[in-house]
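All remarks here apply to the structure that follows.
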Amino acid sequence: MKPNIRLALFILVVAGMFAASLTGPASFAGPDRPDIAALVDRVEQERLRAHVDAIDEPRNAFDQPEALQRTAGYVQGELEDYGYPVRLEPVSFSDATFPNLIAVQEGTSCSERVFIVGAHYDSVRDTPGADDNASGVAAMLEIARSLADTPLPATVWFTGFTMEENGLVGSFNMAMDAAEAGLEIVGMMSLEMVGYTTEEGDFIVVLGNTASVRLTGAYRRAQEYYVPDLPIAILNLLGNGEEQPDSRRGDHAPFWDRGYQAMMVTDTANFRNPNYHEPTDTIDTLDFAFMTNVTRAMLATTVEYLTYDGDADGQPDACSGPLIATPTATPEELLEESPSAIPEAMPTSVVDVDGLPEASGGAGDGGLSGSFVLWLAVGALVVAVAAAVALRRSAR
Ligand SMILES: [Zn+2]
C-alpha cells in the first residue's frame, strides 16, 4: 500500500468516526420483525455463487463489448424471471452505448418516492471481476428475487449500472436525470465489491455522507436485528466525502452530489483485496458465506428503511419524512443524548491503521463512554484536518 493511500485510509477512518458522532440519536425502536427475518432467510448462498459464475468474464465497454452485452442480457433476464418489468435506459459514453437496467417494483403507499438498490455490472479489462463487481450484481439480484412478492411502501428500483469503470457513467446519468426531473429518491445503496474477506478483514463497510444518516441508521438496525454475526463498520463522512476521495469511488457518489441519501456497501476493494482489477479477481477467491450475510443485511436494510416509522405518525418515515437528514442538534448535544452514536461495531482491524488508537473492541462490547467518544471526536477532527493538509502538501 502506498503511503498516500495509507494516509487517505487513515483520514477516511478518523473523519468518518468524527462524522459518526454527528449522526443523531441512535434509534433502536421496534422489535425484531418476523416478516423481515423470513425475507432474510430467502437469500441463498448457492444462487449468489451461480450469478457470479454466470458473469465472471472480462466485460469492459470498450475492450469486451460483446461480453458486457451478454452480462446485461443475463441481469435483465434474471430480473424478468422474478416477475419485474425491466426498463432499459441507454447511456452513451465516447462511442459506446449500454443500458442502465431497472427492475421496477411499485410502492404501495408513496410510489412517487424511489429507493434504489444498485450494482455496476461492467468490469475493467482483463479481469473476470468476480468481486468487482459480479459480487454486487449477485447480491442485487438475490435481494430482488427475495422481495419479488413483497411490495414496499415506496417504489424500489433494482438497478444494474453500466460503465462504472469508465467514470461512473451509468450512475452519473441516472442521478443527473433524476435531479432534473425532480425525482424523489428517498435513498440509494450501491453494492460495490461485497465478496472478499481475509482473516483480519472480515467486516463490511457502509459509507454514507452527512445527509444519509437515516439510511445508515436503518442499516445499523437491520444488521443488529437480523444479521448480528456480520461485523460492520459504518462511516458517515462530512459533506459528500470531498476530503476523502477514496470514499467517492462508486455509483453512490453522483447521488450524493445531487443531494440524495446514498451509501456504498463494500469489502473495501483494494484496501483488502490484492486481486482488485487483476486477472486474479476470480470466483474461487470469494467468501460466499460472507456475501450471503451481506446480502441478507442489505435486504433487511431495504425493508427496515422503507417501513420504519421512527416518528410514530402512522406513516413510514420513508414516505412522510424529509428526503434527506437535517442535523437538528449540535455535536455536543447529540453526544450527550447518545454516546453510542459512534459505531459500536467498529472492528479494530479498521481503526488500527498507522498508530490510530483502538476505538472499540468490536461488535457487541456495549458501546463507549460519552467522555471517550467526545475525546475521540475532537481528536479525530484535529487529526483529520492535519492529515488533509499533509495530503495536500504531498500532492504538490
Ligand atoms: Zn467496482
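None of the figures in this text is laboratory data; all of them are computed from the coordinates on show. What you see is a predicted model; the values in this text were computed from it and never measured. No Cβ is skipped: glycine too gets one built from the backbone with ideal geometry, and neighbour counts run over all protein chains shown.
Database remark: amide H of M188 closer than 5 angstrom to the amide H of I116, A262, M263 (H placed geometrically; neighbours at sequence offset of 5 or more, or on other chains; Pro and chain starts carry no H).
How high is the FRET efficiency from L88 to E200, r the C-beta distance, R0 41 Å, rounded to 0.05?
Values: r = 41 Å, r/R0 = 1.01.
So, using R0 = 41 Å, E works out to roughly 0.50.
Across the range 59-73, rounded Karplus estimates of 3J(HN,Hα) from the backbone phi angles (6.51 cos²θ - 1.76 cosθ + 1.60, θ = phi - 60°) give 8, 9, 4, 9, 9, 9, x, 5, 5, 5, 5, 4, 5, 4, x Hz, Gly and Pro being marked x. Taking only the C-alpha atoms of the range 71-130, Rg followed by Dmax gives 13.9, 45 Å.
In percent, what relative contact order does the range 25-320 have, based on Cα pairs under 8 Å that are 6 or more apart in sequence? Mind dumping the intermediate values first?
Working: 653 pairs, mean separation 69.3, N = 296.
Dividing the mean separation by the residue count of the range 25-320 yields 23 percent.
Computed from the C-alpha gyration tensor, the three semi-axes of the ellipsoid equivalent to the range 67-211 are 23, 19, 17 Å, from longest to shortest.
Remark: spin-label model distance R70-A37 equals 4.3 nm, labels positioned 7 Å along the Cα→Cβ axis. A simple count of charges around A269, restricted to other residues whose Cβ falls under 9 Å of its Cβ and scoring Lys, Arg +1 and Asp, Glu -1, yields -3. Under 5 Å between amide hydrogens, built in the peptide plane, is the criterion, and for Q244 it picks out nothing among residues at least 5 positions away or on other chains.
Of all GluC sites (Glu not before Pro) in the range 207-275, which ones are in loop regions per DSSP and have a Cβ with at most 16 other Cβ atoms within 10 Å?
On the way: sites: E224, E242, E243; in loops: E242, E243.
For GluC sites (Glu not before Pro) across the range 207-275 that sit outside H, G, I, E and B with at most 16 neighbouring Cβ atoms in 10 Å, the list reads E242.
When each of the peptides 132-143, 175-186, 268-279 is scored by how many other beta carbons lie within 10 Å of its residues on average, the order from highest to lowest is 132-143, 268-279, 175-186.
Both radii were evaluated on the Cα set of the range 25-320; the Rg over Rh quotient, with Rh as the Kirkwood radius, amounts to 0.93. Evaluating 6.51 cos²θ - 1.76 cosθ + 1.60 at θ = phi - 60° for every residue in the range 136-151, the Karplus couplings come out as x, 5, 4, 5, 4, 5, 6, 5, 4, 4, 5, 9, 4, 9, 10, x Hz, glycine and proline recorded as x.
Magnitude of the Cβ-charge dipole of the range 25-320, K/R +1 and D/E -1, about the Cα centre, nearest 20 debye?
520 debye
The calculated FRET efficiency for the pair D126 and A50, based on their C-beta separation and a Förster distance of 22 Å, comes to about 0.40.
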